[in-house]
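See below for the structure under consideration.
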2 protein chains.
Amino acid sequence: MDKFMEAALAEAKKGMETGGIPIGSVIVHDGEIIGRGHNQRVQKGSATLHGEMDALENAGRQPAAVYKNSVLYTTLSPCAMCTGAILLYGIPKVVIGENKTFMGEEELLKSRGVEVNVLQAEPCIALMEKFIQQSPQLWHEDIGCE
Amino acid sequence: MDKFMEAALAEAKKGMETGGIPIGSVIVHDGEIIGRGHNQRVQKGSATLHGEMDALENAGRQPAAVYKNSVLYTTLSPCAMCTGAILLYGIPKVVIGENKTFMGEEELLKSRGVEVNVLQAEPCIALMEKFIQQSPQLWHEDIGCE
């Protein structure tokens, strides 16, 4: 894993350690992390702050030119909501830790011209597998299934 | 307009009155509003709280069964991010105030089986036209174009 996926994974672990859902994300512009975050369903009672959304929110209001020259790193394949946010802001490239435990809307991203790179990284898979085994109900709530 | 679009429009006006972007939304379950909100880009410096997202956030954590039996009302055609949130949670019906000033991802919603009802309501159009004329740069930032 490169240093940016390591940073996203560190966010995911922070989520796990604080009793939440271990999915993390960072947004990188010109080689610098401009926003980082993790799923806040438990910690903030949030229905919208998935890891990618939390990173976008923490990056703050940015001009279109910044988004259009950024890469979003996320430990897990992005759901429909996070995919839609990527499309809204025209982020051209997404690096995904893994899609083994959850397959998001990668085909939609690709169909709109977004470059999608799946690392299938073992540490990302192991973290989600452990979480899903421990908290299946919470996980299903997060993806709108329970 | 029915009373729920009136409530979404009241949220949009609240957004305008507080210096923000006048787009409002309510989520209705079993004939009751369970969440309401308006765009918070200016007020909270938020890159993710569009009107629909703010309504979802204010509805709090809900079980899938609630979303799947809800209707989302929004004064403006939903962008890719808000469309993705609707798809994530499986909200089956969206009532849209207007799509004259902005055409969102209505085709994507319909392609996934979501019922889309566009009212083309003059008060919603007039509010957005006034705002876009007054603050074109802020508007373009909100839809990822500037």
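Just so you know, all these numbers are worked out from the coordinates, no wet-lab data involved. Here the structure is a predicted model, which means the values were calculated and not measured. Here the Cβ positions follow ideal geometry from the backbone for every residue, glycine too, while neighbour counts run over all protein chains shown.
As a check on your reading of the symmetry: which chain A residue has its Cβ nearest the axis that brings A onto B, and how far is it in Å?
Rotation axis A onto B, closest Cβ, rounded to whole Å: A:Gly84, 1.
With the Cα gyration tensor of the protein assembly as shown giving a ≥ b ≥ c as the square roots of its eigenvalues, does the rule (a/c under 1.5 for rounded; else a/b larger than b/c for prolate; else oblate) give rounded, prolate or oblate?
On the way: a/c = 1.91, a/b = 1.44, b/c = 1.33.
Prolate is the answer for the protein assembly as shown, as a/c is 1.5 or above and a/b outweighs b/c.
In a GNM of chain B with a 10 Å cut-off on Cα contacts, which of B:Ala65, B:Ala12, B:Ala121 has the highest mean-square fluctuation?
Looking only at B:Ala65, B:Ala12, B:Ala121, the largest GNM fluctuation is found for B:Ala65.
Defining the label point at 7 Å along Cα→Cβ, can you sort the distances from B:Lys13 to the same site in each other copy, shortest first, in nm?
5.3
Report, as a whole number in µm² per second, the diffusion coefficient that Stokes-Einstein gives for the range A:7-139 at 25 °C and 0.890 mPa s using the Kirkwood radius over alpha carbon pairs.
Numbers: Rh = 14.4 Å.
Here the translational diffusion coefficient equals 171 µm²/s.
Inter-copy label distances at A:Glu107, 7 Å along the Cα→beta-carbon direction, one decimal in nm, shortest first?
Shortest to longest, the spacings are 1.8 nm.
To the nearest 20 debye, what charge dipole does the range B:33-96 have about its Cα centre, counting +1 at the Cβ of each Lys and Arg and -1 at the Cβ of each Asp and Glu? Don't jump to the answer; show the numbers that get you there.
Details: 6 positive and 3 negative charges, 14 e Å.
Its charge dipole is roughly 60 debye.
Working from Cα positions, state the angle (0 to 90°, nearest 10) between the long axis of helix A:122-134 and the longest principal axis of chain A.
40
Among the chymotrypsin sites (Phe, Trp or Tyr not before Pro) in the range B:7-107, which ones are in a DSSP loop with at most 16 other Cβ atoms within 10 Å of the Cβ? Mind listing them? Show your work: numbers first, answer last.
Numbers: sites: B:Tyr67, B:Tyr73, B:Tyr89, B:Phe102; in loops: B:Phe102.
In loop regions of the range B:7-107 (DSSP not H, G, I, E or B), the sparsely surrounded chymotrypsin sites (Phe, Trp or Tyr not before Pro) are B:Phe102.
Need the C-alpha centroid separation for the range B:87-144 versus the range B:7-84, integer Å.
Centre-to-centre (Cα) distance: 12 Å.
For the range B:1-51, run through the trypsin sites (Lys or Arg not before Pro) and keep only the ones in DSSP coil with at most 16 other Cβ atoms within 10 Å of their Cβ.
Working: sites: B:Lys3, B:Lys13, B:Lys14, B:Arg36, B:Arg41, B:Lys44; in loops: B:Arg41, B:Lys44.
In loop regions of the range B:1-51 (DSSP not H, G, I, E or B), the sparsely surrounded trypsin sites (Lys or Arg not before Pro) are B:Lys44.
Across bins of 10 angstrom width beginning at 0, how are the C-alpha pair distances of the range B:7-82 distributed, in whole percent?
Pairs per bin, as whole percents: 23, 54, 22, 2.
If you take every DSSP beta bridge whose two residues both sit in chain A, what share of them, in percent to the nearest 5, is antiparallel?
Details: 11 of 19 bridges.
That works out to approximately 60 percent antiparallel.
Which shape class applies to the range B:104-144: rounded if a/c is under 1.5, otherwise prolate when a/b exceeds b/c and oblate if not, where a ≥ b ≥ c are the square roots of the Cα gyration tensor eigenvalues? Could you put the intermediate results ahead of the total?
On the way: a/c = 5.94, a/b = 1.62, b/c = 3.67.
The shape class here is oblate.
Going by a ≥ b ≥ c, the root eigenvalues of the Cα gyration tensor, does the range B:73-146 fall in the rounded group (a/c under 1.5), the prolate group (a/b larger than b/c) or the oblate group?
Oblate shape, in that a/c is at least 1.5 and b/c is the bigger or equal ratio.
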